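Read through the structure below, which is laid out as structure tokens, and then see the notes.
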Amino acid sequence: MKDILSAPFVKEMQSVCSNMYRQGWDERNGGNISYMLDETEVAEYLDINKVIRTIPIGFNASELIGKIFIVTGTGKYFKNVEYDLETNLGIIRIAEDGTTAELLWGYRDGGRFTSELPAHLMSHIVRLKHDPNNRVIMHTHPTYTLAMTHIHELDDKKFTHTIWEMCTECIVVFPDGIGVLPWMVCGNNEIGEATAKKMEEFRLVVWALHGIYGAGKNIDEAFGLIETVEKAAKLYMLIAQMPHINTILDTELKAVAESFGLNYRKDFLNL
Ligand code: 2HA
Ligand code: ZN
């Protein structure tokens, strides 16, 4: 059996948590990540028949029975992940009943997965229907994206349009746009269901005055989506109070999308 601490998926979680912390996005216990793993790969590092303990999930995730995820722990700080992987991360499998998680590794101090697990698992279920290669759901609190939700209308089309206008790469990176939820209580099934509903259309979902969710086939893709929104939101906040002399026109956004052959949200442009 190989050393779990050397597993590529553990190393990836370690490096992305440290990176996100240093971006200033994950203060205290802010943020959480779930990453679906390949059972045969996990079996190189763990006895997958050995369940340490079971933890109730709080809803029925029967579409994910048998799926294995590495998930950040509740109350844990991204800042600390690199120093104690086995306490701050856990590897869980969705049990046969669909409502229990079987702990295979981690949460060494008796802890459990993020309080946002419902939003994560419900989002995995939806994204897998659209893209069977989706593996990662990532939640974080990027500063400028949050700032923007204080001063911008919380409408999918208007928010996406403003972000697309900020820099040319945005429509290329997320031609499917950004979903926006109003302020809601977090950590429960209701916000999970609302997030998953947006995930039917979008790989990016902003939680107003809280943070953002990104979905991707790997850590880089989920991170890259969020990082690109955050860059554009930063530009928006830098220029919001200045006279705007130049902008990317909708005809130009269309031209970019078409030149890259993208299936973009045509209804989000005003043409
Ligand atoms: O895990 O970010 O939304 C802490 C949070 C809750
Ligand atoms: Zn949060």
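Things worth noting here:
- Placed amide H near R135: partners under 5 Å, 5+ positions off or other chain: G216, K217, N218
- The chain, relative contact order [Cα under 8 Å, separation at least 6], %: 18 percent
- In this simple spin-label model, placing a label point 7 Å from the Cα along the Cα-to-Cβ direction at both S115 and S15 gives a separation of 3.2 nm.
- The eigenvalues of the Cα gyration tensor, multiplied by 5 and square-rooted, give segment 128-180 an equivalent ellipsoid with semi-axes of 22, 15, 11 Å from largest to smallest.
- For segment 5-58, pairs of C-alpha atoms spaced more than 13 angstrom apart make up 70 percent of the total.
- With q set to 0.11, 0.13 Å⁻¹, the log10 of I(q)/I(0) for the chain, from the Debye formula over equal scatterers at the Cα positions, is -0.61, -0.82.
- Chymotrypsin sites (Phe, Trp or Tyr not before Pro) lying in DSSP loop within segment 60-149, provided at most 11 other Cβ fall within 10 Å: Y83
- Built amide H within the under 5 Å cut-off of L37, gap 5+: I68, F69, I70
- Computed over the chain, the per-residue total of -39500 (n - 2.57) for DSSP H runs of n ≥ 4 gives a 222 nm mean residue ellipticity of -11500 deg cm²/dmol, rounded to 500.
- FRET efficiency estimate (nearest 0.05) - Cβ-Cβ, H130 to V185, R0 22 angstrom: 0.25
- Of the GluC sites (Glu not before Pro) found in segment 1-74, those in coil by DSSP whose Cβ has at most 12 other Cβ atoms within 10 Å are E44.
- A quarter of the convex hull surface defined by the alpha-carbon atoms of segment 214-271 gives 5.3 nm² as the mean projection.
- Interatomic Cα distance distribution for segment 88-150, bins of 5 angstrom, percent: 4, 13, 18, 21, 19, 12, 7, 4, 1
- Cα-based shape type of segment 1-141, given that a ≥ b ≥ c are square roots of the gyration tensor eigenvalues and the cut on a/c is 1.5: rounded
- Which listed pairs, of K2/K129; K158/K254; K129/K198; K158/K266; K79/K231; K2/K50, have C-alpha distances above 24 Å, in listed order: K2/K129
- Subtracting the Cα-Cα distance of D220 and E39 from 0.36 nm times their residue separation leaves 63.1 nm of extension gain.
- J(HN,Hα) series, segment 186-192, from Karplus relation 6.51 cos²θ - 1.76 cosθ + 1.60, nearest Hz, glycine and proline x: 9, x, 10, 5, 4, 5, x
- Distant-in-sequence amide contacts of T100, defined by a placed amide H-H separation under 5 Å and a gap of 5 or more residues or a different chain, comprise I57, A95.
- Helix 156-166 axis, angle to the chain major axis (alpha carbon atoms, nearest 10°): 70 degrees
- Cα centroid separation, segment 25-62 to segment 172-242 (Å): 23 Å
- More than 20 Å apart - percent of Cα-Cα pairs taken over segment 180-254: 47 percent
Computed from the coordinates by the stated procedures, all read-outs in this text should not be read as laboratory data. Every value quoted in this text rests on a predicted model; they were computed, and no experiment measured them. Cβ: placed from backbone, ideal geometry, glycine included. Neighbour counts: every protein chain shown.
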